[in-house]
Amino acid sequence: EISECLVGSEMCIRDRYSMTSNRTQLIARLSILTALTVVLGYYTKLPTPTGIVTLLDLGVYFTAFYFGRKEGAIVGGVGAFLLDLISGYPQWMFFSLLFHGGQGYFAGFKGKARYLGLLLATVVMVGGYALASALFLGNGWGAAISDIPNNLAQNFVGMALGYVVYYAFQKKGS
């Protein structure tokens, strides 16, 4: 592949450089979005009986809407993992990696699958935390169920604000 490209033409070399440059730019953008998502979550923490509610989901949904499934999963999973680490909730880190990663992945569905993706994103995040709280962390079903409205609020506020920011960026790009 590389030898073909080098023998082929200068255009091929430029295309290869452009592809690497685009990948580097995407990694940089996702890193920045992950950092912003963590900061947003860290400074908007509200304690609940079993953890915290934050605006982390705004960053997850914006990234998923703007870039897509894989990117939403990366920012959601890594951002939530790091937020739990620095916020003093290490028992939630790996659950957050899975649940917010899944949330970001499903939220990134496009076209006719968008609404199904948003439903699945909500179920994965809210249902995942309820199950983890009750079954794995020993908080009991009472505490897990009492946190469902908080997690639903976090999810829907993040979804709505993420869409507003996405829409603002779409308008600016046009």
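The values are calculated or read from the model by the stated rules, or taken from the named source; none is laboratory data. In this text, all values refer to a predicted model and were calculated from it rather than measured experimentally. Because the Cβ atoms are built from the backbone with ideal geometry, glycine has one as well, and the counts that use them run over all protein chains shown. Only protein heavy atoms, including side chains, enter the accessible area calculation; ligands, DNA and RNA are left aside. Shrake-Rupley method; radii C 1.70, N 1.55, O 1.52, S 1.80 Å.
Quick notes
- Computed over the alpha-carbon atoms, the chain gives an Rg to Rh ratio of 1.10, Rh here being the Kirkwood radius from the mean inverse distance.
- Probe 1.4 Å, accessible area per residue of the chain, Å²: 57
- Helices in the chain, meaning DSSP H runs of at least 4 residues, each add -39500 (n - 2.57). Divided by all residues, the mean residue ellipticity at 222 nm is -24500 deg cm²/dmol.
- Of all accessible heavy-atom area on the chain, the percent that carbon and sulfur account for (1.4 Å): 69
- Inter-centroid distance (Cα atoms) of the range 95-109 relative to the range 110-174, Å: 9
- Nearest-20 debye value, the chain charge dipole, Cβ charges on Lys, Arg, Asp, Glu: 440
- Span-like helix ranges in the chain, DSSP H, alpha carbon extent 15 angstrom or more, Kyte mean at least 1.6: none
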